[in-house]
1. So how many residues does the range 78-114 have that are surrounded by fewer than 12 Cβ atoms within 10 Å (Cβ to Cβ) and either at pLDDT below 90 or not in a helix (DSSP H, G or I) (or both)?
2. Considering Val60, Val44, Val87, which residue is under 15 Å from the mean Cα position of the chain (by Cα) and on the phi < 0 side of the Ramachandran plot?
3. Out of the range 33-63, which residues are in a loop (DSSP other than H, G, I, E, B) and without any contact (Cβ under 8 Å) to a residue 12 or more places away in the chain?
4. Determine, yes or no, whether Ala9 is more than 17 Å from the chain's Cα centre (by Cα), at pLDDT 95 or above and surrounded by 14 or more Cβ atoms within 10 Å (Cβ to Cβ).
5. From (1) over 20 Å from Trp69 (Cβ atoms); (2) crowded, with 16+ Cβ neighbours inside 10 Å, pick out the condition that doesn't hold for Ser24.
6. Take the conditions out of contact with any Leu (no Cβ under 7 Å at 6 or more places or on another chain) and surrounded by 15 or more Cβ atoms within 10 Å (Cβ to Cβ) and apply them to Thr136. Does it pass?
Amino acid sequence: MAPTSLRHALELCKEHGRERRNLSVERIAERMGLTDHWTVYKWVQNGRIPANMIRPFEEVCGVDFVTRWLAASAGRLVINIPTGRNVTPTDIAELQARLNDAVGSLLTFHAGQAGATETLAAVEQAMAGLAWHRGTVAKHLQPELEFQS
């Protein structure tokens, strides 16, 4: 899911923390080192968060929706840095599925049967997948040094 606003990104992070990590807002605040959990409620309510608290908030919640929304709102695409692991056939199949979803979304959008938000999300997912694989291939061209102990 792609956030549609900063407030939506904050809500998605909070919900992810609740659903996947069993974190209440009180526990999120505690793990961030905040003395008042109402601060987190305020950030989510008004869609504002201090820049220096974005990464701690995302780390505690376990997802980076705010960072992704900030990048997307500036017309940028965020991709995960390739880890250098070997690509599996499953990775390629997942890329193919993302590309098929993006093309299908474009077809239904231009036929007037889908919204722009969903179509953009599908296209961005496909672009991110391609960019990740590009990074993996580029890393192959510049292998990392293996240090011996």
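The values are calculated or read from the model by the stated rules, or taken from the named source; none is laboratory data. Since the structure is predicted, the reported quantities are computational estimates derived from the model, not experimental observations. Don't worry about glycine lacking a Cβ; one is built from the backbone with ideal geometry, like all the others, and counts go over all protein chains shown.
1. Of the residues in the range 78-114, 10 are surrounded by fewer than 12 Cβ atoms within 10 Å (Cβ to Cβ) and either at pLDDT below 90 or not in a helix (DSSP H, G or I) (or both).
2. Within the list Val60, Val44, Val87, the selection yields Val60.
3. Leu34, Thr35, Asp36, Pro50
4. no
5. (2)
6. Considered against the rule, which asks whether it is out of contact with any Leu (no Cβ under 7 Å at 6 or more places or on another chain) and surrounded by 15 or more Cβ atoms within 10 Å (Cβ to Cβ), Thr136 comes out as yes.
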